[in-house]
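K.L.:
My structure is below; once you've seen it, I'll send some questions.
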Amino acid sequence: MPKTLIYQGLITGLIILFFLSKNAISPVFQLTNSPNILTKGHYGEALVVEISYSHDGLEEWLQQLTKPYPLILADAHWLARSEPLTKLLIEKQIPVGLLGQKNEMYEDSQLLDQELAVFYDMFQQMPLWFATYDDLVDNALLEQLFHKKINVLSPTNLYPATPNKGEFIAIHVHRQTPIDFQEVTNYMKSHTFLSIEESLFGYELSTKRYP
């Protein structure tokens, strides 16, 4: 299936839409003016932690996270069964996007809306970021996400790779991928990582992530 890649230097538009939510201005930003996939930033490296399973130590690791936070991409099923961890993400204001299923699963046209409904139920807003489980996104899915104003990511490399300029490094926290969170912490301390927004823009956007 075709996969369109776009680098920061090729980002052709930034649309910022503001809407009022509970008396606060909350920006929703769309980084491209056509359906595309963001694969790296321009100002530095960023971590993307993809979570679909609660390994031992995950809650403690989340509790100990300090800024700049990695972007958490959370599976909808994991969110639904992990309410205490979801509340922790909200309390710490850690940025959270949606981790989808394998691309082929979206032949079911209702799947994306079902996942988005779970995300909205948890956070009272739609995700700014999305990636599929297998990092493949066909044109039909890409169009759906674009029209919903959700930015699509495809990490450049996998932990524990040594990050190169602008790369998005993915850390997989899945049932079939054992992980040592102390080693992850050591990895984060041994490299300079920015937030996903700093990597893309060079500064943090003042986004209201949670109600």
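K.L.:
Is there a residue being surrounded by fewer than 17 Cβ atoms within 10 Å (Cβ to Cβ) and assigned to a helix (DSSP H, G or I) anywhere in the stretch 96-106?
P.N.:
yes
K.L.:
Among the residues of the stretch 61-81, which ones are closer than 26 Å to residue 121 by Cβ and either of a type in the set (Phe, Trp, Tyr) or surrounded by fewer than 16 Cβ atoms within 10 Å (Cβ to Cβ) (or both)?
P.N.:
61, 63, 69, 77, 78, 80, 81, listed by residue number.
K.L.:
Look through the stretch 148-161, keep the residues that are polar (S, T, N, Q) and in a strand (DSSP E or B), and return whichever of them is farthest from the chain's Cα centre (by Cα).
P.N.:
157
K.L.:
Only one of 128, 158 is touching a strand residue (DSSP E or B) at 6+ places or on another chain (Cβ under 7 Å) and loosely packed, with under 14 Cβ neighbours inside 10 Å. Can you tell me which?
P.N.:
158
K.L.:
Select from the stretch 127-147 the residues that are assigned to a loop (DSSP other than H, G, I, E, B) and among the acidic types (Asp, Glu) and write down the one among them that is farthest from the chain's Cα centre (by Cα).
P.N.:
Top of the filtered list is 138.
K.L.:
Please determine, by comparing only the residues of the stretch 36-78 that are among the hydroxyl-bearing types (Ser, Thr, Tyr) and in contact (Cβ under 8 Å) with a residue 24 or more places away in the chain, which one is farthest from residue 113 (Cα to Cα).
P.N.:
Only one residue fits best here, namely 43.
K.L.:
All but one of (1) closer than 21 Å to residue 153 by Cβ; (2) assigned to a helix (DSSP H, G or I) hold for residue 87; state the number of the condition that does not hold.
P.N.:
All conditions are met except number (1).
K.L.:
Here's a follow-up. From 54, 34, grab the single residue that is modelled with pLDDT under 95 and farther than 20 Å from residue 164 by Cα.
P.N.:
After ruling out the rest, the residue left standing is 34.
K.L.:
Looking at (1) of a type in the set (D, E, K, R); (2) modelled with pLDDT of 95 or more; (3) assigned to a loop (DSSP other than H, G, I, E, B), can you tell me which one residue 208 breaks?
P.N.:
Unmet for residue 208, out of (1) of a type in the set (D, E, K, R); (2) modelled with pLDDT of 95 or more; (3) assigned to a loop (DSSP other than H, G, I, E, B): (2).
K.L.:
Moving to a separate point now. Report yes if residue 173 is buried (at least 22 other Cβ atoms within 10 Å of the Cβ), farther than 24 Å from residue 42 by Cα, of a type in the set (Val, Ile, Thr) and in contact (Cβ under 8 Å) with a residue 40 or more places away in the chain, otherwise no.
P.N.:
Considered against the rule, which asks whether it is buried (at least 22 other Cβ atoms within 10 Å of the Cβ), farther than 24 Å from residue 42 by Cα, of a type in the set (Val, Ile, Thr) and in contact (Cβ under 8 Å) with a residue 40 or more places away in the chain, residue 173 comes out as yes.
K.L.:
Next question, about the same structure. Could you grab me the full set of residues in the stretch 162-187 that are closer than 26 Å to residue 76 by Cβ, part of a helix (DSSP H, G or I) and out of contact with any Phe, Trp or Tyr (no Cβ under 6 Å at 6 or more places or on another chain)?
P.N.:
Residue satisfying the conditions is 184 alone.
K.L.:
Does residue 118 qualify as being part of a helix (DSSP H, G or I), in contact with a strand residue (DSSP E or B) (Cβ under 7 Å, 6 or more places away or on another chain) and surrounded by fewer than 20 Cβ atoms within 10 Å (Cβ to Cβ)?
P.N.:
no
K.L.:
Residue 9: in a helix (DSSP H, G or I), over 21 Å from residue 189 (Cα atoms), at pLDDT below 95 and over 14 Å from the mean Cα position of the chain (by Cα), yes or no?
P.N.:
It is true that residue 9 is in a helix (DSSP H, G or I), over 21 Å from residue 189 (Cα atoms), at pLDDT below 95 and over 14 Å from the mean Cα position of the chain (by Cα).
K.L.:
With the requirement that a residue be exposed (fewer than 14 other Cβ atoms within 10 Å of the Cβ) and under 14 Å from residue 37 (Cβ atoms), what does the stretch 141-155 give you?
P.N.:
Residue satisfying the conditions is 143 alone.
The values are calculated or read from the model by the stated rules, or taken from the named source; none is laboratory data. Owing to the predicted nature of the structure, the values given are computational and were not obtained by experimental measurement. Cβ: placed from backbone, ideal geometry, glycine included. Neighbour counts: every protein chain shown.
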